[in-house]
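Please read the structure below before turning to the comments.
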Amino acid sequence: MDTYYVTTPIYYVNDRPHIGHCYTTLLADVAARFQRMRLGRPGDVFCLTGTDEHAEKVVQSAAQRGLSPLEWADRNAAEFRKAFDAMDFAYDDFVRTTEDRHKTRASAYIQKLVDSGDIELGDYEGWFDASQEEYVPENTAREHDYKSPVTGRPLEKRTEQNYFFRLDKYEGWLKEQIESNSIRVLPDARKNEVLGRIRQGLNKVPVSRRIKDGDADWGIRMPNDPEHRIYVWIEALCNYLTTVDTDDRRRFWPANVHVMAKDILWFHAVIWPAMLKALGEEAPKAVYAHAYWIREGRKMSKSLGNFIEIELLEAYCERYSTDAVRWYLLTQGPLGANDADFAHDHFVETYNADLANGVGNSTSRVGNMIDKYLGGELTMLCDGEYGFPNGTALQTALQARQNAGKPAEGEMRTFHFANLTREAVEKAIAAADGFEVDEMVRQGLSLVRAVDDFISYSAPFTLAKQIDELEDGPHALATILYSCAETLRIASLLIAPAMPTKMAELWQGWNCAPADGISLEELARFGGAHALKKGQKITKGEALFMRADPKEDAPVAKKD
Ligand code: ME8
């Protein structure tokens with residue numbers, strides 16, 4: 001893989017950001033951070049987010065506030081950026097569809113589709129879902145009693161003369177591309193849904209609206225017919241290409257993955273790839289549609305007004321750290337096919353189990369032992385193998401347990417940290433390829449758990465008490481602590497995309513910040529060129545996460 005390009009939807013600016021927007025953008029951010037490290041070439045990764053500004057509802061909500069659409073869009077686009085800064089997202093560009101760079105190129109793409117006969121004029125009658133800015137197919141409208149499947153608001157019957165995109169021409173091609181995974185529709189359940197709907201037959205898609213008297217001058221006009229405006233969805237999709245359609249960014253196309261929630265999968269898995277095909281452009285390699293964050297069993301959405309707002313997330317960030325919020329959203333969120341409920345108890349439970357008692361406890365325990373027993377300096381290396389026949393350090397530790405009257409039970413166990421860490425990195429890379437970003441960082445946590453298990457088994461604190469009595473004692477203790485620290489270093493690389501600040505803190509204390517320009521596989525080689533060294537200073541430092549009190553009330557959003 002030479003380059004990696006990941007996108008989020010561009011969000012409507014009729015309202016302020018909430019957990020859903022933060023969640024999708026977090027997924028893209030974590031994937032991009034991982035790939036930057038994996039490739040060792042941050043400049044070859046491109047993460048795009050932004051705002052979708054030409055919707056009718058932006059005009060309406062601006063008017064309600066006595067503002068021009070652009071003033072309202074400016075204000076909300078700034079809110080999105082602020083929210084994304086608070087969540088520590090490191091995107092490479094933030095596109096606004098009101099920017100010239102987008103408008104000019106989107107308009108050129110539409111003209112090209114007109115010229116090729118892929119866009120043509122015709123009459124259209126259908127059920128319009130004004131709350132979602134889209135037409136709903138007749139059977140879906142009927143199934144939902146002529147109400148919006150998303151918001152439950154009544155659908156409107158509309159007839160208009162429109163330009164249409166000939167989606168029907170691409171039915172066979174789309175089926176073949178998706179079936180063969182040339183375009184991967186992920187997760188798998190979504191692929192079947194999309195194929196099922198394609199098999200019902202594809203119709204032409206309206207791509208314009210006739211401008212009526214009194215309409216605000218908002219949106220992009222059809223380049224061939226200024227009486228019409230390009231339907232907001234069609235121009236919005238173009239953002240993924242308009243933003244990288246420059247000499248220096250073209251190399252990022254096609255996108256590796258477009259990420260979104262399942263509500264807008266159809267546009268991304270079907271309409272957009274067909275538009276690209278018609279334009280002579282390559283289709284995205286994958287489209288990933290996650291499920292929803294819900295609250296008390298109902299979808300959270302701006303239209304229902306029941307979402308978890310950015311202010312509440314900020315209150316969680318303030319109390320538990322931004323990295324902890326990122327970890328919770330990432331690992332407990334609706335990444336697969338199932339919706340996820342945001343619940344305070346569950347937050348605290350996850351925080352304590354994975355972070356305070358997991359990553360935080362393990363790193364501070366190992367740091368403290370190195371400080372106490374080795375004077376804060378690694379004095380031995382280890383080949384990472386604690387099985388027979390090379391596990392002499394472990395045998396010495398077990399001897400110490402025996403001497404202290406606390407023998408380890410059962411058969412002698414083996415801990416091959418060189419293998420364990422290599423496997424974890426391989427699994428993380430495989431997970432990243434399928435956009436299972438939660439599984440990707442969980443590989444880091446599994447290494448932390450392996451170190452905890454090894455510490456309980458080898459009991460270095462027991463060994464430390466007999467250091468002068470056992471012939472091999474000092475060597476065994478230093479070797480065991482080295483392998484714990486080195487395994488945690490590798491774990492920290494896999495966890496860093498989710499918790500960049502906390503892992504940077506750890507690297508600072510342990511003097512092991514990953515070098516620039518080196519790929520993950522090199523960085524993560526146990527005992528390799530970038531490993532912890534003999535003589536390396538380890539500062540014990542503060543615990544990364546303090547235990548949370550489950551009895552404490554949930555944080556509350558601060559309002560201006
Ligand atoms: O649809 N749970 O914008 P939008 C998880 N402008 N994710 C959620 C969510 C929830 N409850 N609610 C929203 C649009 N999202 C168009 C997109 S793209 C060319 C144009 C996230 O502001 C999720 O990513 O309504 C969803 O797909 C997106 O916000 C919809 O954002």
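The figures follow:
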| quantity | calculated |
| --- | --- |
| Helices (runs of 4 or more DSSP H) (entirely within the stretch 86-204) containing at least 3 residues that are under 30 Å from PHE46 (Cα atoms) | 100-115, 171-179, 188-199 |
| Residue check, HIS21 surrounded by 22 or more Cβ atoms within 10 Å (Cβ to Cβ), within 23 Å of VAL207 (Cα to Cα) and near the ligand (Cβ under 10 Å from one of its atoms) | no |
| Residue within the stretch 48-63 that is more than 14 Å from the ligand (Cβ to nearest atom), among the hydroxyl-bearing types (Ser, Thr, Tyr) and over 15 Å from VAL6 (Cα atoms) present | no |
| Restricting the stretch 309-348 to residues that are assigned to a loop (DSSP other than H, G, I, E, B) and within 9 Å of the ligand (Cβ to nearest atom), the residue that is farthest from ALA90 (Cα to Cα) | ASP339 |
| Of all residues in the stretch 253-275 being more than 14 Å from LEU186 (Cα to Cα) and crowded, with 22+ Cβ neighbours inside 10 Å, the one that is nearest to the ligand (Cβ to nearest atom) | TRP272 |
| Test result for GLY305, within 16 Å of the ligand (Cβ to nearest atom), on the phi > 0 side of the Ramachandran plot and not aromatic (Phe, Trp, Tyr) | yes |
| Top-ranked residue in the stretch 476-515 [being aliphatic (A, V, I, L, M) and over 25 Å from the mean Cα position of the chain (by Cα); ranked as nearest to PHE89 (Cα to Cα)] | ALA485 |
| Criterion: of a type outside the set (Val, Ile, Thr) and in contact with a helix residue (DSSP H, G or I) (Cβ under 6 Å, 6 or more places away or on another chain) - qualifying residue of GLY358, GLY367 | GLY358 |
| Which listed residue, of ARG153, ARG101, is under 30 Å from ASP29 (Cα atoms), surrounded by fewer than 20 Cβ atoms within 10 Å (Cβ to Cβ) and not small (Gly, Ala, Ser) | ARG101 |
| Filter result (more than 13 Å from the ligand (Cβ to nearest atom) and either part of a helix (DSSP H, G or I) or in contact (Cβ under 8 Å) with a residue 40 or more places away in the chain (or both)) within the stretch 277-302 | LYS277, ALA278, LEU279, GLU281, ALA283, LYS285, ALA286 |
| Test: residue in the stretch 201-211 that is within 30 Å of ASP100 (Cβ to Cβ), over 29 Å from the mean Cα position of the chain (by Cα) and without any contact (Cβ under 8 Å) to a residue 24 or more places away in the chain | yes |
| Qualifying residue in the stretch 353-368 (condition: more than 13 Å from the ligand (Cβ to nearest atom), surrounded by 17 or more Cβ atoms within 10 Å (Cβ to Cβ) and closer than 26 Å to LEU186 by Cα) | no |
| In the stretch 236-252, the residues that are assigned to a helix (DSSP H, G or I) and either within 9 Å of the ligand (Cβ to nearest atom) or of a type in the set (Val, Ile, Thr) (or both) | ALA236, LEU237, ASN239, TYR240, THR242 |
| For LYS540: the one exception among (1) surrounded by fewer than 12 Cβ atoms within 10 Å (Cβ to Cβ); (2) modelled with pLDDT under 95 | (1) |
| Scan of the stretch 511-537 for residues that are closer than 29 Å to THR350 by Cβ and surrounded by fewer than 18 Cβ atoms within 10 Å (Cβ to Cβ), ordered by number | ALA513 |
| Residue list for the stretch 57-94, filter: crowded, with 18+ Cβ neighbours inside 10 Å and over 18 Å from the mean Cα position of the chain (by Cα) | LYS57, VAL58, VAL59, SER61, ALA62, PRO69, TRP72, ALA73, ASN76, ALA77 |
| Qualifying positions in the stretch 428-468 - over 29 Å from GLY391 (Cβ atoms) and β-branched (Val, Ile, Thr) | VAL437, VAL441 |
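A quick yes/no check of all residues on (1) at pLDDT below 95; (2) at positive phi; (3) in a loop (DSSP other than H, G, I, E, B):
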{"position": "GLN402", "(1), (2), (3)": "no, no, no"}
{"position": "LYS406", "(1), (2), (3)": "no, no, yes"}
{"position": "THR414", "(1), (2), (3)": "yes, no, yes"}
{"position": "ALA418", "(1), (2), (3)": "yes, no, no"}
{"position": "GLU423", "(1), (2), (3)": "no, no, no"}
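The values are calculated or read from the model by the stated rules, or taken from the named source; none is laboratory data. In this text the structure is predicted, and so the values were computed from the model without any measurement. Virtual Cβ from ideal backbone geometry, glycine too; neighbours counted across all protein chains shown.
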